[in-house]
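> I am attaching a structure below and will ask some questions about it afterwards.
The numbers here are math on the coordinates, done by the rules we state, and not lab data. For clarity, every value in this text was computed on a predicted model and none was experimentally measured. Cβ placement follows ideal geometry from the backbone for every residue including glycine, while neighbour counts extend to all protein chains displayed.
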Amino acid sequence: MKKCTVFAPATVANVGSGFDVLGFALCDVGDTVHVKKSSTPGLVIESIIGANNIPSDPVKNVCTVAAQALLDCLEEKQENGYSFIITKEVAAGSGLGSSASSSAAAVVALNELLGSPFSRHDLIPFAMKGEALASGAEHADNVAPSILGGFTLIQSYEPLRVVNLHYPEELVVTVVHPHVEVKTVDSKRILKQNISLKTAITQWANVGGLVAGLAQENFELIGHSLHDVVAEPTRSMLIPMYEQVKIISREMGGLGCSISGSGPSIFVLTDSMEKAKNIADSLESLYMNNFISCDVYLSKINKMGCQVIQ
Ligand code: HSE
């Protein structure tokens, strides 16, 4: 095998109360990375399609940084090199795991080319190196669902322990991405570094409730447990029309709604495609009427994670 192309889905991280620990993968939207073996040693970014603000210097690009982390862990060192073509569909600074999709696709494609020395789980720490480059934090809540698919919980970072969660098949998500850029690094910086015991109790009760709600397919419990008292109070200030989105989604039968990753995208969970579609139409109108352009996505949870295309 001399070349490999992989699609890695966009993701919704945090999922309300699960700051830095919960995430799920979306269908149809994601980045694609094509990796080719070359006779020249080293890593090269050949081209980046669909974005013009992404660095092509291999030490500054999340794909090549993640790929290098993988190569550094191989027992047998490579004499050849690899070149990368990155097709970006997930906008940087959207809150939909843009850097994670690229990092995930890069390590899965490179691993395929190498004859799969690593399992999908093993690839997560390599992709996390891309996240560290992008946001200064090695968080796995986007890369884990992008690589593995489904709904994941990072139960522990040291050691890294990722749990695939059960969730109801009927779950549908509406995501609205208002076109204002919020950099993860900035949106991490504004978070309070200390929280009160009362806040912590509320948050961990909600994370427990959310995991239980998913496992029991209890939509009411899922809705109650999305509430985030840690990141949402500060981050929501960076998102235009946030309160209105919450009110509309609640009135239209959404189970609950919160910030996707570090924002500005907002996700709404529902138990039917019809409700999700109606909410999507209303949110699109809300932003249009306020002269803010936006993208809207409707998706089931993507079970597959990264997919090898060729
Ligand atoms: N857990 C990360 C954060 C996700 O909220 O900063 C970033 O997509």
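> Between the helical axis of 273-289 and the dominant principal axis of the chain, each derived from Cα atoms, what acute angle in degrees is found, rounded to the nearest 10?
On a 0 to 90 degree scale, this one is about 90.
> Any idea what the alpha-carbon Rg over 2.2 N^0.38 Å comes to for the stretch 219-258? Please report the intermediate quantities before stating the final value.
Values: Rg = 10.5 Å, N = 40, 2.2 N^0.38 = 8.9 Å.
It is 1.18.
> Just to be sure I understand the model, the point goes 7 Å from the Cα along the line to the Cβ. What's the resulting LYS183 to VAL308 distance in nm?
3.7 nm
> With the dipole of the stretch 172-300 worked out from charges on the C-beta (+1 for Lys and Arg, -1 for Asp and Glu) around the Cα centre, which of LEU298, VAL211, THR174 lies farthest toward the positive end?
Positive-end residue among those listed: VAL211.
> Then there's this: Tabulate in residue order the Karplus-calculated ³J(HN,Hα) for the stretch 297-305, using 6.51 cos²θ - 1.76 cosθ + 1.60 with θ = phi - 60°, rounded to whole Hz; enter x for Gly and Pro.
Computed from phi, the couplings for the stretch 297-305 are 10, 10, 7, 7, 7, 7, 6, 7, x Hz.
> Hey, rough spin-label estimate for ALA212 and MET273, points 7 angstrom out along Cα→Cβ, what's it come to in nanometres?
3.3 nm
> To test your reading of the geometry: what angle, between 0 and 90 degrees and rounded to tens, separates the Cα axis of helix 98-113 from the longest principal axis of the chain?
Tilt relative to the chain: about 40 degrees.
> How long are the semi-axes of the ellipsoid equivalent to the stretch 172-300, from square roots of 5 times the Cα gyration tensor eigenvalues, in whole Å, largest first? Display every interim value, and only then the final one.
Details: eigenvalues 108, 87, 22 Å².
Equivalent ellipsoid of the stretch 172-300: 23, 21, 11 Å, largest first.
> Now for a separate question. With both bridge residues required to lie in the stretch 1-105, what share of the DSSP beta bridges run antiparallel, to the nearest 5%? Write out the running numbers ahead of the final one.
Numbers: 17 of 24 bridges.
Close to 70 percent.
> Moving on. Hey, what angle do you get for helix 197-216 against the long axis of the chain, alpha-carbon based, 0 to 90 degrees rounded to 10?
Once rounded, the angle reads 80 degrees.
> Rounded to the nearest 500, what is the chain's calculated 222 nm mean residue ellipticity when only DSSP H runs of at least 4 contribute -39500 (n - 2.57) each, over all residues? All intermediate terms of the calculation are to be shown ahead of the outcome.
Numbers: 10 runs with 113 residues, N = 310.
Computed ellipticity for the chain at 222 nm equals -11000 deg cm²/dmol.
> Further question: Sort out the exposed loop trypsin sites (Lys or Arg not before Pro) in the chain (DSSP loop, at most 10 other Cβ within 10 Å) and tell me the longest stretch that has none.
By the stated rule (loop sites, at most 10 other Cβ atoms within 10 Å), 78-310.
> Run through every distinct alpha carbon pair of the chain and return the Kirkwood hydrodynamic radius in angstroms, one decimal place. Numbers along the way, then the final one.
Details: mean 1/r = 0.0516 Å⁻¹.
19.4 Å is the Kirkwood radius here.
> For the chain, build the charge dipole from Cβ charges (+1 Lys, Arg; -1 Asp, Glu) around the Cα centre, then report which of MET237, PHE126, SER39 sits farthest towards its positive end.
Of MET237, PHE126, SER39, it is SER39.
> Going by amide H atoms built from the backbone, whose H comes under 5 Å of the H on SER38, apart from near neighbours?
GLY81, TYR82, SER83
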